[in-house]
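K.L.:
Input: one structure, supplied below.
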């Protein structure tokens, strides 16, 4: 390595400080205020671009964990998810971020261990050394997101939107002894977290 050793040492120190953050696709990155139809153009959620950029600048990589959109005209197929994940990757890279990995469950069968509120996708991500959930954030929009985060000892974060404006999370907090952080958009959340580089 010779003359580049100090340079690469510095790069590896920065990479070592990066931390993954779990995030759902629909309602957080992509707007889901109206029912989503496979094949339609994706609309980026309000505040998502700036929020993703701020989180990337603060040293967070993104670990996507997603199921079917809460509002949809029909279920997405595997090819739909692959296309949407490609769009998410392009968007996040354009904003200076990186997707560490992505997990999705196209099924809607509540007995499927990978369908939220079951924790199969979360456990797999941790078993594959993508994240240690305890103390990490998971950002979603549904009660199922909170349940998964709580089961994995992650910090549940809810982005408020048209999708979930009528959902009440306080009773879940009280009965499960969990504190849910609620924000109006991803920018508000990104503003609240510290840099991993500090």
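K.L.:
What percent do you get for the relative contact order of the stretch 18-192 when only Cα pairs under 8 Å and 6+ apart count?
P.N.:
Answer for the stretch 18-192 is 26 percent.
K.L.:
Moving to a separate point now. Using all Cα-Cα distances in the stretch 1-154, what percent lands in each 10 angstrom bin from 0 up to the longest?
P.N.:
11, 39, 34, 11, 4, 1
K.L.:
Let's test the formula: R0 of 35 Å, r as the Cβ-Cβ distance of residue 124 and residue 179. What FRET efficiency results, to the nearest 0.05?
P.N.:
Taking R0 as 35 Å, the efficiency between residue 124 and residue 179 is 0.85.
K.L.:
Also, I was wondering about something else. Extension gain residue 197-residue 160, at 0.36 nm per residue separation less the Cα-Cα distance, in nm?
P.N.:
10.5 nm
K.L.:
Right, next: Assuming R0 = 45 Å, what is the FRET efficiency of residue 111 and residue 57, from their Cβ-Cβ distance, to the nearest 0.05? Please list the in-between numbers first.
P.N.:
Details: r = 41 Å, r/R0 = 0.91.
The pair residue 111/residue 57 has a calculated efficiency of 0.65.
K.L.:
Let me ask something else about it. Ranking request for peptides 127-136, 63-72: highest mean number of other beta-carbon atoms within 10 Å first, then the rest in descending order.
P.N.:
Going from most to least packed, we get 63-72, 127-136.
K.L.:
Here's something else I'd like to know. Have a look at the DSSP beta bridges in the chain and tell me what percent are antiparallel, nearest 5.
P.N.:
Roughly 5 percent of the beta bridges in the chain run antiparallel, per DSSP.
K.L.:
State whether the stretch 93-161 is rounded, prolate or oblate according to the following rule on the C-alpha gyration tensor (a ≥ b ≥ c being the square roots of its eigenvalues): a/c under 1.5 gives rounded; otherwise a/b larger than b/c gives prolate, and the remaining case gives oblate.
P.N.:
Rounded, because the longest to shortest axis ratio a/c is under 1.5.
K.L.:
Starting from the 7 Å offset along Cα-to-Cβ, what nm value, one decimal, do you get for the label separation of residue 75 and residue 90?
P.N.:
Going by the 7 Å Cα→Cβ label model, 2.7 nm.
FYI, it's all coordinate maths here, none of it is from the lab. As the structure is a computational prediction, the values presented were derived from the model and not from experiment. Heads up, the Cβs are rebuilt from the backbone with ideal geometry, glycines too, and the neighbour counts pull from every protein chain shown.
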